[in-house]
Amino acid sequence: MAVRTAVTRSPKVPEIRKGDTVVVLAGRDAGKRGVVERVVRQHPRPHGGRSMFQRGSSAAGVKVVVEGINIAKRHTKPRQSAGATDRMPKVQQGGILEIAQPVPIGKVMVVCSSCDKPTRIAHATLDNGRRVRVCRHCGDQLEVKS
């Protein structure tokens, strides 16, 4: 029986994070740039949907919501909310809402803040053991502007 030794690995650094500037690679918004608002991770469902044993990358099912990209229009009616008082009923305003829909993570690419080019991401380990994301073109560290 083989004995496994404990290997100290740095935790995996996510490729795309909230606050990153990305460029869309495919679809109707191809070529547009925007800032990632949030990252949506979908977990495999045990009793339905996609099989847990299906092949695919580890990023399968991960999507990002990018500001101003993949906009859907939602038409809403004006409604009265239930928690309103007798004197002033609270009314939700109707109209057309523009909502950014999630985009698959494989359809966007990070833009380096220093060289301003869409780039793949490399990982480097600092002297203190922390792993960071690095631009493949210029080698600078990718920082998230929050």
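What order do you get for 66-79, 88-101 when each peptide is scored by the mean count of other beta carbon atoms within 10 Å, highest first? Could you put the intermediate results ahead of the total?
Numbers: 66-79: 13.0, 88-101: 10.3.
Answer by packing, highest mean first, reads 66-79, 88-101.
What residues qualify as long-range amide H neighbours of VAL66, i.e. H under 5 Å apart, gap of 5 or more or another chain, H built at 1.01 Å from N?
GLU37, VAL103
Pop a pseudo-label 7 angstrom from the Cα along the beta-carbon direction at both HIS75 and LYS32 and give the gap in nm to one decimal.
Taking the simple label geometry, HIS75 and LYS32 are separated by 2.1 nm.
Taking a probe of 1.4 Å, how large is the accessible area per residue of segment 107-146, in Å²? The partial results should precede the final answer.
Values: 2630 Å² over 40 residues.
Ligands and nucleic acids excluded, the result is 66 Å² per residue.
Can you figure out the FRET efficiency of VAL132 with VAL40, using R₀ = 30 Å and their beta-carbon distance, to the nearest 0.05?
Numbers: r = 24 Å, r/R0 = 0.79.
About 0.80, to the nearest 0.05.
Around CYS112, which amide H atoms from residues at least 5 apart in sequence, or from another chain, sit under 5 Å from its own amide H, with H modelled in the peptide plane?
Here LYS117, THR119 satisfy the definition.
The values are calculated or read from the model by the stated rules, or taken from the named source; none is laboratory data. This one's a predicted model, so the numbers in the text were calculated from it and none came from an experiment. Note that we place each Cβ from the backbone using ideal geometry, even for glycine, and neighbour counts take in every protein chain shown. Quick note on the areas: whole protein, heavy atoms, side chains included, nothing else; ligands and nucleic acids left out. Shrake-Rupley method; radii C 1.70, N 1.55, O 1.52, S 1.80 Å.
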